[in-house]
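Visitor: Starting off with a structure, shown below.
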Amino acid sequence: MRYASCTAQDVKFLKLLVINQKPGKNSSLEKKDSAVITALNSQKDRINEIGVKKFAKDHNKKLHLFYSIDSIVPPKTVTPGKKLRFIDVSTIAPSLQEKLWGLPPSAGKEQIASRLSLCKGMPVMIRNNNATELCITKGQDGTVWGWDSSVLPDGKKTLRTLFIKLNKPPCSVKFPGLPKNVVPIPTVLHGPLAIRTPSGDHLTLKRWQVPALPFFVMTDYASQGKTHETNIVDLGRSQNHQAVYTALSRSAMAQGTAILQAFDDRKITSGISGHLRQEFRELEILNKMTLMLYNKLIPEEAIAELRNPTLKSYYNLKKTMPGTEIDWHTALQVWPDQEDTIQDLETALWDINENNAARLKYAQKKEQDRIDKQKKEQLTKIYQHILATQTQSCIHQKKLKRQSTHL
């Protein structure tokens, strides 16, 4: 599948994994709370909307709605790029705010929700790298443990802090006054955001909202690096064979994998482009060279710091040294009438030590990286202090509230 060279037998096997629409035919998957993998953000929003309601119904929980706080920003502050048509407004009228609250997260590139429907125990995903060393990273999933909210002038609720219990974090996290692996996610200011309206025009605004979304679905792009015991995928709108491979490879076994609907098998049977084919061939050669070096079959100088000299070294070794042949996949096979060649780029290699301007630029970059690292460490300490203070304050207020209730 990586080479878009699946056989008819491969396609037949994949079609056996398509879910049967008859009730009871997929009972082993019906009760699995596993995120679906799909291709489009618009599909993700719709599946999340359905998943939120189903989760609340299945677990007999009440949904709580939390709204964003929006303010208009002049369009010129948006990052330049594709030309967009903008609506000329200076303030957000109540009717416009209601329409903004009705838009899905995919209305903006940053995927910041205008309205969050939450209940305790619901799966959610963090959408921002707040503190990587505390496992508060973009893509980290967990469940809703609790929240701290306030009331807007019109009576609607808005989040101040969302407490998330992390699911299998890289390391354990403990905040004062909170259980293990429960982290606070405060509301932050996002923007300027270019929000697309149903008419196709855009509004630029700043939005106060917690950077989190329900986690009943993810795109194939966002699923990279994750492993699912139950892997439910929708391949109907997958862009190419790479997207199909990414979605299906989230599970190491076919057992537990389910495909939601029929898919276009031409995407995985039509072969790959010449450039991608050459890339795979070169990676196989580099892998072979690394293996031979590990087995001490070639000298260390046979592998250079750059790719092209290493590839040229392989072709030279192949002429005189036995055992350098590679067992190519059929899609990468070089036929006898084709000659292994590689462009000689030795004369084009650039030595940074011979270029004073480049050396100075490199030194400046290293110094800037050092300064940025120090600033990041300082901001992290400040962030940790703020989170700890907010958490303690929230817990103290709740204790006082309970005490006053008992009195």
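The values are calculated or read from the model by the stated rules, or taken from the named source; none is laboratory data. Just so we're clear, the structure is a prediction, and the values are computed from it rather than from any experiment. Counting neighbours? That spans all protein chains shown, and the Cβs are built from the backbone with ideal geometry, glycine included.
Visitor: For the structure I just gave you, tell me whether LEU203 is buried (at least 19 other Cβ atoms within 10 Å of the Cβ) and modelled with pLDDT under 90.
Guide: So LEU203 passes the test.
Residue-by-condition table, conditions (1) under 22 Å from ALA331 (Cβ atoms); (2) among the small types (Gly, Ala, Ser); (3) surrounded by 15 or more Cβ atoms within 10 Å (Cβ to Cβ):
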residue	(1), (2), (3)
VAL217	no, no, yes
ILE259	no, no, yes
SER273	yes, yes, no
LEU276	yes, no, yes
THR310	no, no, yes
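Visitor: Please work out if ASN167 is surrounded by fewer than 19 Cβ atoms within 10 Å (Cβ to Cβ) and in contact with a Gly (Cβ under 6 Å, 6 or more places away or on another chain).
Guide: For ASN167, the condition - surrounded by fewer than 19 Cβ atoms within 10 Å (Cβ to Cβ) and in contact with a Gly (Cβ under 6 Å, 6 or more places away or on another chain) - is met.
Visitor: So, in region 102-121, of the ones that are over 16 Å from LEU63 (Cβ atoms) and among the charged types (D, E, K, R), which residue ends up surrounded by the fewest Cβ atoms within 10 Å (Cβ to Cβ)?
Guide: Checking each candidate, the answer is LYS109.
Visitor: Given the conditions (1) within 17 Å of the chain's Cα centre (by Cα); (2) assigned by the TED database to the domain that holds TRP101, which single one is not true for PRO198?
Guide: (1)
Visitor: If a residue must be farther than 29 Å from PHE215 by Cβ and part of a helix (DSSP H, G or I), how many such residues does region 87-113 contain?
Guide: Qualifying residue count, region 87-113: 3.
Visitor: In region 149-202, which residues are assigned to a loop (DSSP other than H, G, I, E, B) and either of a type in the set (Gly, Ala, Ser) or on the phi > 0 side of the Ramachandran plot (or both)?
Guide: GLY155, LYS168, SER172, GLY177, ASN181, SER199, GLY200
Visitor: Is it the case that region 327-340 has a residue that's under 30 Å from ALA131 (Cβ atoms), at pLDDT 80 or above and outside any loop (DSSP other than H, G, I, E, B)?
Guide: No.
Visitor: Tell me whether region 119-127 contains one or more residues that are out of contact with any strand residue (DSSP E or B) (no Cβ under 6 Å at 6 or more places or on another chain), over 19 Å from TYR383 (Cβ atoms) and in contact (Cβ under 8 Å) with a residue 40 or more places away in the chain.
Guide: Yes, some residue in region 119-127 is out of contact with any strand residue (DSSP E or B) (no Cβ under 6 Å at 6 or more places or on another chain), over 19 Å from TYR383 (Cβ atoms) and in contact (Cβ under 8 Å) with a residue 40 or more places away in the chain.
Visitor: Another question about this same structure. Among the candidates ALA358, ALA388, ALA363, single out the residue that is within 27 Å of ALA131 (Cα to Cα), among the hydrophobic types (A, V, I, L, M, F, W, C) and either in a helix (DSSP H, G or I) or assigned by the TED database to the domain that holds PHE175 (or both).
Guide: Just one listed residue meets the conditions, ALA388.
Visitor: Also, quick follow-up: Please go through region 236-285 and pick out each residue that is within 18 Å of the chain's Cα centre (by Cα) and aliphatic (A, V, I, L, M).
Guide: The answer is ALA243, VAL244, ALA247, LEU248.
Visitor: Which pairs turn up if I take residues in region 133-147 that are part of a helix (DSSP H, G or I) and look for partners that are modelled with pLDDT of 90 or more and crowded, with 19+ Cβ neighbours inside 10 Å with beta carbon separation below 7 Å, at least 6 apart in sequence or on another chain?
Guide: Pairs that qualify, where the first residue is part of a helix (DSSP H, G or I) and the partner is modelled with pLDDT of 90 or more and crowded, with 19+ Cβ neighbours inside 10 Å, are LEU134/VAL183.
Visitor: Find the strands (runs of 3 or more DSSP E) located wholly in region 206-304 whose residues include 3 or more that are in contact with a helix residue (DSSP H, G or I) (Cβ under 8 Å, 6 or more places away or on another chain), on the phi < 0 side of the Ramachandran plot and in contact (Cβ under 8 Å) with a residue 24 or more places away in the chain, and list them.
Guide: Per the criteria, 217-219, 231-233, 257-259.
Visitor: Taking the stated definitions as given, is ARG196 surrounded by 15 or more Cβ atoms within 10 Å (Cβ to Cβ) and either modelled with pLDDT of 90 or more or among the acidic types (Asp, Glu) (or both)?
Guide: It is false that ARG196 is surrounded by 15 or more Cβ atoms within 10 Å (Cβ to Cβ) and either modelled with pLDDT of 90 or more or among the acidic types (Asp, Glu) (or both).
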